[in-house]
Structures are given as structure tokens and as C-alpha cells.
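**Q** Quick one: this structure, given as C-alpha cells, is what I'll be asking you about.
The values are calculated or read from the model by the stated rules, or taken from the named source; none is laboratory data. Not measured: the values here are computed from a predicted model. Cβ sites come from the backbone with ideal geometry, for glycine too, and all protein chains shown count toward neighbours. What goes into the accessible areas is simple: the full protein's heavy atoms, side chains included, and nothing from ligands, DNA or RNA. Shrake-Rupley method; radii C 1.70, N 1.55, O 1.52, S 1.80 Å.
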Amino acid sequence: MVDDVVRTLGFLCMGSRFRRIGERLQADTQRIIEEYGIALQAAQYPFLAALDRAGPLTIGELAQAVGITQPGVTRTVSQLLESGLVDMQAAPDDQRRRLISLSRKGQELVDYSKQSVWPRISAAVADLCGDLNGPILAQLAAIEDGLAEAALARRAANEETT
């Protein structure tokens, strides 16, 4: 049997390990979504949730809310527009700014998902993490905050000088 190199290299491959875990969680979440007969990619749910929580947002604001790049948001918003889950219109105060909002169909999907799909996914992930030591969500938040404070390249440069 071949060793799991990503696992054995520890901190060196933590990003690869997070990606692997994320891909597995996304794939499993996708299967649950499909069980409900919903034609949506798992990665699109956070966009709908952000719009549900905050109301209409610009592409830039949506990028901040979801934590991905503006080109990634633009692609996803285009897909959500095509599926009729969001609307886009000019901001009342500035015709150049475009506001993304949930369409009636999108709001109905979010309302349904909040009652059925999201609790099931949340409970499954909580069950997965239930036996872990320490508050994993707080630890993940600390890692994200740490990366926002200083990227790995800067941290690596600091290590060389110590």
C-alpha cells in the first residue's frame, strides 16, 4: 500500500489537504442536494445564502461575503442568472453599479433549503466533526484570519530572517 504523502507531510501540504477535504465535502453535499431534486451546484449555495442574509449586493460585495475573487463571483452570478435564481439591476443611486438579488424562484429555493437541505447538511458535517478535539470552526477561522494578516510567503520570509 502506498503512503498518503499529503497526510504524512503535515504542515507542508496543509493547503492540498484542505483542498482534498473541501472537494470531498462538496461532492458529498452535491449528492444530498441532488437527493432533494435540486438542480444547483453545492458551491452556489453560499451565494444564495449571502443574498438572503444581506439583501442585494454588488459583485464586489458578494466576493467579500463569500470570500472568493470577483471573476469567480461573476461566473457564478452568470450561472445563477441563467437558472433564474437571481436578478441583476442597476443600483438606484448609481446606474453604473449592478445589484444582484434573489429572484422569487431563488428566494423560494432558499426558504425550502433552510427548512430541509441546509439542516441536513449541517447536521452531517457536525456529526463528522463531533469527535474532534477543540473547536474546529474557531480553528479554521483563526487560520483564515492568520492568512489575511500575513500570507504564507511573508511568513516564510520571516522564518528565513529568524
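**Q** Can you work out which of the residues in segment 71-88 that are outside any helix (DSSP H, G or I) and either of a type outside the set (S, T, N, Q) or open to solvent by 60 Å² or more (accessible area, probe 1.4 Å) (or both) is farthest from Glu34 (Cα to Cα)?
**A** Per the criteria, the residue is Met88.
**Q** Now for a separate question. Report whether or not Ala91 is in contact with a Leu (Cβ under 9 Å, 6 or more places away or on another chain) and either surrounded by fewer than 16 Cβ atoms within 10 Å (Cβ to Cβ) or not hydrophobic (A, V, I, L, M, F, W, C) (or both).
**A** Considered against the rule, which asks whether it is in contact with a Leu (Cβ under 9 Å, 6 or more places away or on another chain) and either surrounded by fewer than 16 Cβ atoms within 10 Å (Cβ to Cβ) or not hydrophobic (A, V, I, L, M, F, W, C) (or both), Ala91 comes out as yes.
**Q** What's the number of the only condition in (1) open to solvent by less than 70 Å² (accessible area, probe 1.4 Å); (2) under 17 Å from Ala124 (Cβ atoms) that Cys13 fails to meet?
**A** (2)
**Q** Follow-up. Among Ile68, Ile38, Ile33, Ile100, which is the only one that is part of a helix (DSSP H, G or I) and β-branched (Val, Ile, Thr)?
**A** Checking each option against the conditions leaves just Ile33.
**Q** Let me ask something else. Consider segment 41-57. How many of its residues are part of a helix (DSSP H, G or I) and surrounded by 15 or more Cβ atoms within 10 Å (Cβ to Cβ)?
**A** Looking only at that region, the number is 11.
**Q** From the residues in segment 97-122 that are at pLDDT below 95 and aliphatic (A, V, I, L, M), which one is farthest from the chain's Cα centre (by Cα)?
**A** Filtering first and then ranking leaves Val117.
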